[in-house]
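**Q** One structure, pasted below without further comment.
Laboratory data are not the source of any read-out in this text; all were calculated from the coordinates shown. No experiment lies behind these values; they were computed from the predicted model shown.
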Amino acid sequence: MRRLLLTLLALLGACADPAAEHMFGLGDPVRGAALNAPRLLGDTSRLAGRPADAALAAVQLEVLENAFRNDPRYAPEASGPAQHALRVGKAEMRQAIGIAPDAPAEPVIAQLREAAAALQAGSQARAEAALSGPMFPLGGAQTLSRLNRLPYLPRVSEAAGAANAEIRRMDSRGRFG
């Protein structure tokens, strides 16, 4: 059943945001992001030319790293290696996109989602505005340009695999399944 549901979610469109829409908004958003991480983040170069998708992929990584580090449901259960992989992957993604390394996760997530929604609505100007401010020191146009030409990011790929494996490990222990 779970495999069928994941297949259906994958077919809903490339711009889906598993951290917001897992199981049509009824499921655990962290779990949704982790289960979809290899597909969304395994090869970030596939997102080149798709800046809205790249922004949502960055959201997934931010959600996962933040949850595995801070969420009382996940942080105590998450292994040190998985937390490390997510921290390193997030740093690599932030450097590639041009996000301030010390920016807090929640507003970064909100602004990336806002930019993705603006792009999906056809408004590059709104997307650039969403990617402005101190958390995006390169400015909206340059950040959007980087999202549009995202390369393969090996640490991000490793983080995606680590998050997925960690959720599956928790499921196998009966923790969240």
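**Q** Quote the relative contact order of segment 14-172 in percent (integer), defining contacts as alpha-carbon pairs under 8 Å separated by 6+ residues. Don't skip to the end; give the middle numbers.
**A** Details: 253 pairs, mean separation 54.1, N = 159.
Over segment 14-172, the number comes to 34 percent.
**Q** Give me the base-10 log of I(q)/I(0) for segment 117-177 at each q in 0.30 Å⁻¹, Debye formula, one uniform scatterer per Cα, rounded to two decimals.
**A** Summing over Cα pairs of segment 117-177 leads to -1.11.
**Q** Now, a different point. Quick one: what Rg and Dmax do you get for segment 48-170 from the alpha carbons, in Å?
**A** 14.2, 43
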